[in-house]
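Asker: One structure, as structure tokens, below. Some questions next.
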Ligand SMILES: NC(=O)c1ccc[n+]([C@@H]2O[C@H](COP(=O)([O-])OP(=O)(O)OC[C@H]3O[C@@H](n4cnc5c(N)ncnc54)[C@H](OP(=O)(O)O)[C@@H]3O)[C@@H](O)[C@H]2O)c1
């Protein structure tokens, strides 16, 4: 699969590296231009490009930018595509976003509104990238961690679950995108190592 990644920081690089290891073709991008990502090509074994180029390159895309920048994610080249949203809301970094402060919506629904023709799936947001790179285990391992996913699109969910599995993690389907608050920043499941049944119980008992 070709995966275009928008954002080449901790998340873009970790997902890029693991995806290349799993046999995918990856393009990493940022806002400053590919000349600032020069060493990633040999380092990770990926392509580098602009955000527009990465969006066009991918069969699917990953958004891994500070949430404050979500409105600059290219819209047209992502039309019809599955887009994995890894973003989290940190007001101290992103500024206050009234709709999130009032709990009227979720971070991934904001991205979905910006990309109305894309198929958004919320994944990879509730684990630190250090853990993503170190905690993967083969399927069936007793200590295999599980990670949550939400989407309104069954195929988008399936793609994210496949990537979780390839990277060494089980998945818990937490429902449609509007349920994403269950594993946003500060919730009991956020960046906490949990096995599948414990994660299911934790998500179900989380109070908004
Ligand atoms: N770090 C973690 O462990 C972790 C885990 C899960 C989720 N998250 C979430 O994932 C997102 C990314 O986190 P991160 O830790 O990877 O952040 P980061 O290290 O600061 O990286 C952000 C990347 O996005 C790029 N970027 C910024 N504005 C952009 C724009 N308008 N268009 C294209 N690229 C842009 C930045 O490069 P330029 O400034 O050069 O454009 C940089 O490469 C955040 O929402 C974060 O909360 C983080």
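Asker: Give the residues of the range 143-156 that are surrounded by 24 or more Cβ atoms within 10 Å (Cβ to Cβ) and either more than 16 Å from the ligand (Cβ to nearest atom) or at pLDDT below 95 (or both), sorted by residue number. Break it down into steps so the answer makes sense when it comes.
Answerer: Start the filter on the range 143-156 by keeping residues that are surrounded by 24 or more Cβ atoms within 10 Å (Cβ to Cβ), which leaves 147-151, 156.
Result: 151, 156.
Asker: From the list 67, 78, which residue is more than 12 Å from the ligand (Cβ to nearest atom), under 21 Å from residue 108 (Cβ atoms) and in contact (Cβ under 8 Å) with a residue 24 or more places away in the chain? Steps first, answer last, please.
Answerer: Details: 67 fails: more than 12 Å from the ligand (Cβ to nearest atom).
Going through 67, 78 in turn, just one is more than 12 Å from the ligand (Cβ to nearest atom), under 21 Å from residue 108 (Cβ atoms) and in contact (Cβ under 8 Å) with a residue 24 or more places away in the chain: 78.
Asker: Restricting to the range 89-107, and then to whatever is crowded, with 20+ Cβ neighbours inside 10 Å and within 11 Å of the ligand (Cβ to nearest atom), can you tell me which residue is nearest to residue 60 (Cα to Cα)?
Answerer: Filtering first and then ranking leaves 107.
Asker: Could you list, ordered by first residue, the pairs with Cβ atoms under 6 Å in which the first is in the range 115-139 and closer than 14 Å to residue 63 by Cα and in contact (Cβ under 8 Å) with a residue 24 or more places away in the chain and the second is away from the ligand (no atom under 14 Å from the Cβ) and in a loop (DSSP other than H, G, I, E, B), at least 6 apart or interchain?
Answerer: Hits for this filter: 118/81; 119/153.
Asker: Consider residue 72 carefully, then state whether it is over 23 Å from residue 157 (Cα atoms), buried (at least 21 other Cβ atoms within 10 Å of the Cβ) and in contact (Cβ under 8 Å) with a residue 12 or more places away in the chain.
Answerer: Against the criterion (over 23 Å from residue 157 (Cα atoms), buried (at least 21 other Cβ atoms within 10 Å of the Cβ) and in contact (Cβ under 8 Å) with a residue 12 or more places away in the chain), residue 72 does not qualify.
Asker: Moving on to the next point. Filtering the range 1-47 down to residues that are more than 16 Å from the chain's Cα centre (by Cα), surrounded by 14 or more Cβ atoms within 10 Å (Cβ to Cβ) and within 11 Å of the ligand (Cβ to nearest atom), which residue is nearest to residue 118 (Cα to Cα)?
Answerer: Once the filter is applied, the top-ranked residue is 34.
Asker: Right, here's the next one. Go through (1) surrounded by 21 or more Cβ atoms within 10 Å (Cβ to Cβ); (2) over 23 Å from residue 153 (Cα atoms); (3) more than 8 Å from the ligand (Cβ to nearest atom) one by one and return the number of the condition residue 51 breaks.
Answerer: (3)
Asker: Any idea how many residues of the range 158-185 are under 19 Å from residue 12 (Cα atoms) and not in a loop (DSSP other than H, G, I, E, B)?
Answerer: Qualifying residue count for the region: 9.
Asker: Return the residue satisfying two criteria in turn: it lies in the range 119-142 and is within 8 Å of the ligand (Cβ to nearest atom) and in a loop (DSSP other than H, G, I, E, B), and of such residues it is surrounded by the fewest Cβ atoms within 10 Å (Cβ to Cβ).
Answerer: Going through the qualifying residues, I end up with 128.
Asker: For residue 202, are the conditions met, namely being modelled with pLDDT of 95 or more, in contact with a helix residue (DSSP H, G or I) (Cβ under 9 Å, 6 or more places away or on another chain) and more than 24 Å from residue 60 (Cβ to Cβ)?
Answerer: When the stated conditions are applied, residue 202 passes them.
Asker: Same structure again: Please go through the range 157-191 and give me each residue that is more than 30 Å from residue 59 (Cβ to Cβ) and either touching a helix residue (DSSP H, G or I) at 6+ places or on another chain (Cβ under 8 Å) or surrounded by 18 or more Cβ atoms within 10 Å (Cβ to Cβ) (or both), ordered by number.
Answerer: Step one: list which residues in the range 157-191 are more than 30 Å from residue 59 (Cβ to Cβ), which gives 186-188.
Answer for the range 157-191, where residues must be more than 30 Å from residue 59 (Cβ to Cβ) and either touching a helix residue (DSSP H, G or I) at 6+ places or on another chain (Cβ under 8 Å) or surrounded by 18 or more Cβ atoms within 10 Å (Cβ to Cβ) (or both): 187, 188.
The values are calculated or read from the model by the stated rules, or taken from the named source; none is laboratory data. This structure is a prediction, so every number in the text was calculated from the model and none was measured. We place every Cβ from the backbone using ideal geometry, glycine too, and count neighbours over all the protein chains shown.
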